[in-house]
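Colleague: The structure's right below; bear with me while I get my questions together.
Laboratory data are not the source of any read-out in this text; all were calculated from the coordinates shown. A quick note: this is a predicted structure, and the numbers were derived from the prediction, not measured. Cβ sites come from the backbone with ideal geometry, for glycine too, and all protein chains shown count toward neighbours.
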Amino acid sequence: MRKICVFTGTRAEYGLLKPLMDEIARDKLLYLQLLVTGMHLSPEFGLTYKNIQEDGFEINEDVEILLSSDSPSGISKSMGMGLIGYAEALKRLSPDLVIILGDRFECMAMACACMNARIPIGHIHGGETTIGAVDEAFRHSITKMSHLHFTSTDTYRERVIQLGEQPDRVFNVGAIGVENIRQLPLLSKRELEKEIEFDLGEQYFLVTFHPVTLEYATAQEQFENLLAALDEATKNSAQTKIIFTRANADSEGRIINQLIDDYVTQNPDTAIRLTSMGQLRYLSAMQHCAAVVGNSSSGVLEAPSFKVPTVNIGDRQKGRVRAESVIDCQPTQDAIQQALRKVLSPEFTQSLQNMVSPYEQDNTARKIKDTLKSADLGHIIKKEFYDLLSAGV
């Protein structure tokens, strides 16, 4: 049996990976291993490893790396702890291949550990650009250390090839998160209200905002501008509510989380904060919301499949392929207010009814799993840089 180790460090990443984990677990020729780390093991972020266990998965290795600091030096120390812990875990697991999704600092450390151990990597969501985040550089670095590549659009596939990867190892399979939308039995709005114990009113915003990690000390000002714009929107309509999800363990993330806590304390009838919603509740909330607001990748990747508008703030997601449902704006109060008014207009929402998401494909997880079964993993040393000019492209 081929041993496939799936790496996960955040609640959102696990939600995306779960369909693939299910596919691997069901296949008699594959053996699923699970390495859990990062925010999953932190009380501050909801101890979400418990959700993984509740879903019936065995956690083979858990590696604690989070420190009590989200400063740049604290993040670097977490990466160092991760590199040590991942190396030891990989020695015990001895997988045939490791699956890494995305671009976070935990992923970068894991990719380095795999590279040193000569373990092939299957990388999901490579080739994308997020110009405002350090994740941009991490993602492309992980691409260069990976053996198999599973991109979400043809544009991203071409970019991975542009980085010198052999075309026969780069597969456009669509966005794996979209598959959850099609497969999960999502909650009705009333069921969601019961789950989170909160009245969502006539309409509500689903708000997720993370620090723009390549900018210096901008999180507080940008998020305060967002809160002011939301405050104005809810005052104009007493039946407009807000669901906040907390920021990731990035530099300045705790600043955002404290501002969320303060706002919800002051506005308990209007807003609710949730440390971890889980994929079912999060996608259910996305399905019924008036708009996704903030700078999360989910507003760009998943929300278009619901034909739900997105107000994308600032530069964190700059460079990603966009559907017509995504409205970009600067992180100022006026710009956010204008964007909110646009996405709530009947004309805009009606214009999205025939829209097709650029990330939609069928059977994404199965395509990845089938490739993991059949791929040659015996030659991971890259002896050639695929040169577009030499190839006549």
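Colleague: Filter the GluC sites (Glu not before Pro) in the stretch 292-390 down to the DSSP loop ones having no more than 12 other Cβ atoms within 10 Å, then list what survives.
Modeller: Passing both the DSSP loop test and the Cβ count: Glu384.
Colleague: When the Cα centres of the stretch 246-280 and the stretch 131-166 are compared, how far apart do they sit, in Å?
Modeller: Cα centroid of the stretch 246-280 versus Cα centroid of the stretch 131-166: 31 Å apart.
Colleague: Okay, moving on. If each residue's Cβ is checked for other Cβ atoms within 10 Å, how do Glu252, Glu64, Glu106 rank with the fewest at the top?
Modeller: Glu64, Glu252, Glu106
Colleague: Would you work out the relative contact order for the stretch 187-351, in percent, from Cα pairs under 8 angstrom that are 6 or more residues apart?
Modeller: 25 percent
Colleague: Loop by DSSP (not H, G, I, E, B), at most 11 other beta-carbon atoms within 10 Å: where is the longest site-free stretch of the chain for trypsin sites (Lys or Arg not before Pro)?
Modeller: My reading of the result: 119-382 is the longest stretch.
Colleague: Let me ask you something else. Restrict the search to the stretch 112-218; then list the GluC sites (Glu not before Pro) that DSSP places in a loop and that have at most 13 other Cβ atoms within 10 Å of their Cβ.
Modeller: Glu197, Glu202
Colleague: At a Cα cut-off below 15 Å, give the aspartates and glutamates reachable from Lys367, other chains included and same-chain residues fewer than 8 away excluded.
Modeller: Output for Lys367: Asp22, Glu23, Asp27, Asp168, Glu179.
Colleague: Still on this structure, I have one more. Holding the Cα-Cα limit at 18 Å, pick out from Lys18/Lys144; Lys3/Lys382; Lys3/Lys369 the pairs that are longer than that.
Modeller: Going by Cα-Cα distance, Lys18/Lys144; Lys3/Lys382 fall outside the 18 Å limit.
Colleague: Compute the relative contact order of the chain as a whole-number percentage, counting only Cα pairs closer than 8 Å that sit 6 or more residues apart in sequence.
Modeller: Relative contact order comes out at 16 percent.
Colleague: Could you check the simple spin-label distance between Thr371 and Glu384, using points 7 Å along Cα→Cβ, in nm with one decimal?
Modeller: 1.9 nm
Colleague: Over every pair of different alpha-carbon atoms in the stretch 191-338, take the mean of 1/r and invert it; report that Kirkwood radius in Å.
Modeller: 15.2 Å
Colleague: Net charge around Glu179, counting only other residues with Cβ within less than 11 Å of its Cβ (Lys, Arg = +1; Asp, Glu = -1)?
Modeller: -1
Colleague: If you don't mind, another one. Counting only pairs 8 or more places apart or on different chains, how many lysine pairs in the stretch 187-351 have C-alpha atoms closer than 20 Å?
Modeller: So the count of such lysine pairs works out to 8.
Colleague: So, one more: Which net charge results when you count Lys and Arg as +1 and Asp and Glu as -1 among the other residues whose beta-carbon is under 11 Å from that of Gly102?
Modeller: Overall, the nearby charge balance is -3.
Colleague: Turning to a different aspect of this structure: Work through the residues other than Tyr263 whose Cβ is under 11 Å from its Cβ and net out their charges, Lys, Arg +1 and Asp, Glu -1.
Modeller: Around Tyr263, the surrounding residues sum to -3.
Colleague: Still on this model: Modelling each spin label as a point 7 Å along the Cα-to-Cβ direction, I'd like the Glu324/Gln162 distance in nm, to one decimal.
Modeller: 2.6 nm
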